[in-house]
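Below is one structure; the comments refer to it alone.
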Amino acid sequence: MTCLRVTLVCVGASLLAACGADSANQFPEVDNSIDYSDTSIEGQIAAYAATLRPSLPMQSDEISTMTGVRGEGRELIYEFTISQDPPTNDSALLSQVAQEEDQAYFCQTGDRRLIEQGAIVRTDYRAPNGVTWQTRVTACP
């Protein structure tokens, strides 16, 4: 099985297998120390993205590197390069599998605050073979 641990997304023969508990996730969290109270959601997203940019590229795990972060309107967009090709080239299937994991992850981190205010957290993934996929978290349960 190949684990893309960016957001604890696992893609393997079953495409639904779980990563081991030892796979530490180092995805950045929203900096709750910044006072966003007088800023629109668009402004909050732009400010947060700006705080992360100086740290890029940021290695998330042994195969995942965050190479970009930006705000586009109400979207906070994380860009990741994956150093291994996924076991399938089906972008729709990769997005579907990653969506559930990304939603679970973002809804338990500081990004939840942004999502609850109407932000969309999008993650764009790119593998060496050119396969790309993305997720969009728009609500938390």
| For GLU72, distant residues with modelled amide H under 5 Å away | ILE77
| request: On the full set of protein chains, 1.4 Å probe, figure out the accessible area of PHE80 and give it in Å² to the nearest 10. | output: 10 Å²
| Karplus-derived 3J(HN,Hα), 6.51/-1.76/1.60, for each residue of the range 122-136, Hz, glycine and proline x | 10, 10, 9, 10, 9, 9, x, 7, x, 5, 10, 8, 8, 10, 9
| remark: Simple SL model, points at 7 angstrom along Cα→Cβ for GLU100 and ARG113; separation in nm is 3.0 nm
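The values are calculated or read from the model by the stated rules, or taken from the named source; none is laboratory data. All of these numbers come straight from a predicted model, not from anything done at the bench. No Cβ is skipped: glycine too gets one built from the backbone with ideal geometry, and neighbour counts run over all protein chains shown. Accessible surface areas use protein heavy atoms only, side chains included; no ligands, DNA or RNA. Shrake-Rupley method; radii C 1.70, N 1.55, O 1.52, S 1.80 Å.
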